[in-house]
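S.K.: Quick one: structure below, then a few questions.
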Amino acid sequence: MTASSAGPLAGIKVLELGTMYAAPTAGRMLRDFGADVVKVEDPKTGDYARHWIPQKEGLSLGFCRLNAGKRSVGIDLRSAEGRDLVLRLAARVDVVLESFRPGRLEEWGLGYEELSKDHPGLVMARVSGFGQTGPNRLLPGFGTVAETVSGFAHVNGWPDSPPTSPPFGFADSIAGLSAAMGVAMSLYKRERTGQGECVDVALYEPLMFIIGDIFLKYTSLGEIQNRIGNSTGSASPRGIYEASDGRFLSIAASNQTIARRLFAAMGMPEVIEDPRYATNAARLQNNDEVQSMVKNWVRSMPRADVLATLEKFEVVSAPVNDAADVVADPHFQERTLVEITGDDMMKNVLMPGPVMHMNGYEGPSYDGVPAIGEHTKEVLSSRLGLSAEDFSSLAAAGVVSRSQG
């Protein structure tokens, strides 16, 4: 159950101690490009993400997306014997991913200082709500908290709506991607110096980076950005518009050339010569009038006709897709969507594949979703040389899963 040997991370061994979203996202990113990811779970309950909905025949679809193709080892970290097994496993891997509250691994004797003492090349990525340092480091934090404390929820939505968090794991996903990037950089450093690294990712920080202009605006101009709907507040016209058939599309005339093309597509090329609309700054000052013109034009015909006209004039635009639209699109079928293989229950179930493409690497196969502790015996015997008797003893004590391996 390993990824393609052609992957750039082929041969890299990852031990994933993270649960739920962010750290498992990092593990998925690393596995996507060839790493062998062993996921440590509670022997009885497993990763709590296994209980997320929606589910198909008792299998969480969200868990499948983040963990297909990994190997699951059931170890009770609350037991001294279980922690010893993890300590020994960590000595035989390149990367450890974790998402416990700061200080927990140190209490268990599994912090970076302990793990790297005899393994200086070890890379560890730690994802937590507020990071490993700072006054708030010990506060609990999930993605929803990150989306609110970062400032994102405050600027997301319409002026007459309350602050809004997204209906998906936005902060967790970005933090997971960032952790994977930190691991890749640390592995590169190790190639040059032989020295590993401890990567510290706070859930809110990558999200705060993305919305970072609002802090420059406040500290330089004293202005607090509030909710402005589909506008960015920096370019006009831009937004999501409804066509005559009730279907929506986006238009991004975010530079002068595209704005000129848009007005020409609308049959109003003279608008760009009007001092009120001649520049982006002028259009922003008169954004309500600009948006009204665009809305009325889009509303005058079906979405397909609007998009065809905009394409003809090379205006940046696209339909607002739902899941069915995406799955039916030949472009996404060819390039982006992949199938979980090796599991009859997941047959024909599609999910997004790797977040980037590389020449010479076709990408991984997602060969099944592991059951809790499915590979415990396989991993512990191959990596630690655990005998059948030792395994049976640990399993009887509840330290490890009675796996299928």
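S.K.: Which shape class applies to region 1-116: rounded if a/c is under 1.5, otherwise prolate when a/b exceeds b/c and oblate if not, where a ≥ b ≥ c are the square roots of the Cα gyration tensor eigenvalues?
M.R.: It comes out oblate by the Cα gyration axes.
S.K.: Follow-up question, since we're still on this one. Let a ≥ b ≥ c be the square roots of the eigenvalues of the Cα gyration tensor of region 161-298; is it rounded (a/c under 1.5), or, if not, prolate (a/b larger than b/c) or oblate?
M.R.: Taking the square roots of the gyration eigenvalues as a ≥ b ≥ c, region 161-298 is prolate.
S.K.: Residues with beta-carbon under 10 Å from that of Ala259, excluding Ala259: net charge, scoring Lys, Arg +1 and Asp, Glu -1?
M.R.: Net charge around Ala259: +4.
S.K.: In what sequence, highest mean first, do 251-257, 171-177 appear when ranked by Cβ atoms within 10 angstrom?
M.R.: 171-177, 251-257
S.K.: Another one. Give me, ordered by chain and number, the residues 5 or more places off Val316 or on other chains with an amide H under 5 Å from its own placed amide H.
M.R.: Residues meeting the amide H criterion: Ala252.
S.K.: Here is a follow-up. Starting at the first residue of region 345-359, write each ³J(HN,Hα) from the Karplus equation 6.51 cos²θ - 1.76 cosθ + 1.60 with θ = phi - 60°, in whole Hz, x for Gly and Pro.
M.R.: 5, 9, 4, 6, 7, 10, 8, x, x, x, 7, 8, 10, 10, 4
S.K.: Whose amide H sits under 5 Å from the amide H of Val199, counting only residues 5 or more places off or on another chain, with H placed in the peptide plane?
M.R.: Here the answer is Met124, Ala125, Arg126, since their amide H atoms fall under 5 Å of that of Val199.
S.K.: List, in order, the whole-Hz ³J(HN,Hα) value for each residue of region 142-155 obtained from phi through the Karplus relation with A = 6.51, B = -1.76, C = 1.60 and θ = phi - 60°; use x for Gly and Pro.
M.R.: Along region 142-155, the couplings run 9, x, 4, 5, 4, 5, 8, 5, 6, x, 4, 4, 5, 9 Hz.
S.K.: So, one more: If exposed trypsin sites (Lys or Arg not before Pro) are those in a DSSP loop with at most 14 other Cβ within 10 Å, what is the longest stretch of the chain that has none?
M.R.: Maximal segment without exposed cleavage sites: 118-275.
S.K.: I've got another one for you. Rounded to the nearest 500, what is the chain's calculated 222 nm mean residue ellipticity when only DSSP H runs of at least 4 contribute -39500 (n - 2.57) each, over all residues?
M.R.: It lands at -11000 deg cm²/dmol.
S.K.: While we're on this one: Can you give the Rg to Rh ratio for region 243-391, taking only C-alpha atoms and Rh from Kirkwood?
M.R.: That ratio is 1.28, to two decimals.
S.K.: Grab the other residues whose beta carbon is less than 13 angstrom from that of Tyr112, score K and R as +1, D and E as -1, and report the net.
M.R.: So the environment of Tyr112 carries a net charge of -4.
S.K.: Name the residues whose placed amide hydrogens come within less than 5 Å of the amide hydrogen of Gly398, ignoring near sequence neighbours (fewer than 5 apart) on the same chain.
M.R.: So Gly398 has HN proximity to no qualifying residue.
S.K.: For region 130-198 and region 318-395, compute the distance between their C-alpha centroids and round to whole Å.
M.R.: 24
S.K.: Can you classify region 251-306 as rounded, prolate or oblate using the Cα gyration tensor, where a ≥ b ≥ c are the square roots of its eigenvalues, rounded means a/c under 1.5, and otherwise it's prolate if a/b beats b/c and oblate if not?
M.R.: prolate
S.K.: Still on this model: With the cut-off at 23 Å, tell me which of the pairs Lys347/Lys377; Lys13/Lys44; Lys13/Lys56; Lys44/Lys70 have Cα atoms farther apart than that.
M.R.: Violating the 23 Å Cα-Cα cut-off are Lys347/Lys377; Lys13/Lys44; Lys13/Lys56.
Quick note: the coordinates plus some simple rules give every number you see, no bench work behind them. All of these numbers come straight from a predicted model, not from anything done at the bench. Methodologically, a virtual Cβ is constructed for each residue, glycine included, from the backbone with ideal geometry; neighbour enumeration extends over all protein chains shown.
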